[in-house]
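A short worksheet on the structure shown next.
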Amino acid sequence: MKFAKLAVAAVALAATPALANEQVAAGATVTGPEGNAVGTIVSVENGQAVLDTGKHKVPLGVEMYGQGETGPTITVTKAQLDGMIDAQIAEANAKRDAALVVDAAVLSADGQMLGTVYTIDSEDMAIIKSDAGIVTMTRDNFALDANGALIVLFNAADIAPSFTPVPEGAEILTPAQARAKQAEAAAGDAAE
């Protein structure tokens with residue numbers, strides 16, 4: 001989601017960019033238009049200053065900050081910035097959830113085909129199945145790439161060792177699905 005946070009923050013603040021200044025440094029407290037603290041800059045690197053609001057860490061271009069009497073400023077309040085990021089995260093999650101369906105193709109973060117979604121359970125676990133076997137992931141491990149393709153947030157080389165081969169004819173269940181099946185079987189046995 002880091003890319004999503006960057007995009008919304010840049011768009012939201014682009015309307016009134018300020019000149020870059022020496023006040024933009026790690027540890028500086030950033031104030032908003034009302035003079036209230038928005039957050040603290042935790043790092044500055046490659047033209048990006050990461051602003052920690054206490055709820056979100058938002059990378060903003062150093063040119064987005066103005067100069068104030070007490071330090072760097074931005075054109076939105078803490079509540080407005082957190083609200084923008086919350087809205088963008090909610091929108092990204094809704095799009096991810098719409099794409100995370102059985103039989104959906106899944107790519108790695110570096111664009112390699114991993115397999116397809118085999119099943120999803122009520123506890124937000126999903127199994128990806130490929131010729132190499134299966135791997136179980138949480139819903140939060142998935143996102144959409146810039147082209148709208150469903151991806152996991154790992155490179156193919158990093159996730160490949162996690163695939164477990166599945167014997168021919170074996171039943172594939174998430175842990176929650178396995179527990180539900182066991183409970184159903186136990187209930188059936190008790191009823192007999």
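The values are calculated or read from the model by the stated rules, or taken from the named source; none is laboratory data. Everything numeric here is computed off the predicted structure, so don't read it as measured data. Backbone-built Cβ (ideal geometry, glycine too); neighbour counts: all protein chains shown. For accessibility, only protein heavy atoms count, side chains too; no ligands or nucleic acids. Shrake-Rupley method; radii C 1.70, N 1.55, O 1.52, S 1.80 Å.
Tabulated data for the structure shown
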item: Selected residue (criterion: modelled with the lowest pLDDT) from residues of the range 128-169 that are among the aliphatic types (A, V, I, L, M), closer than 14 Å to residue 107 by Cα and in a loop (DSSP other than H, G, I, E, B); result: 146
item: Considering residues of the range 94-121 that are outside any loop (DSSP other than H, G, I, E, B) and of a type in the set (D, E, K, R) only, the residue farthest from residue 35 (Cα to Cα); result: 97
item: Inter-residue pairs, beta-carbon under 8 Å, first within 20 Å of residue 180 (Cα to Cα) and open to solvent by less than 40 Å² (accessible area, probe 1.4 Å) and in the range 97-123, second of a type in the set (S, T, N, Q) and not in a strand (DSSP E or B), 6+ apart; result: 119/174; 119/177; 121/174; 121/177
item: Check on residue 169, on the phi > 0 side of the Ramachandran plot and open to solvent by less than 50 Å² (accessible area, probe 1.4 Å); result: no
item: Pick from the range 36-49, criterion closer than 16 Å to residue 78 by Cβ and of a type in the set (Gly, Ala, Ser), ranking: surrounded by the most Cβ atoms within 10 Å (Cβ to Cβ); result: 49
item: Residues within the range 74-93 that are surrounded by 14 or more Cβ atoms within 10 Å (Cβ to Cβ), in a helix (DSSP H, G or I) and touching a residue at least 24 places away in the same chain (Cβ under 8 Å), tallied; result: 9
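One line per residue, one yes/no per condition, for (1) within 30 Å of residue 141 (Cβ to Cβ); (2) open to solvent by 70 Å² or more (accessible area, probe 1.4 Å); (3) at pLDDT below 95:
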| residue | (1), (2), (3) |
| --- | --- |
| 8 | yes, no, yes |
| 15 | no, yes, yes |
| 18 | no, no, yes |
| 23 | no, no, yes |
| 34 | no, yes, yes |
| 51 | yes, no, no |
| 66 | no, no, yes |
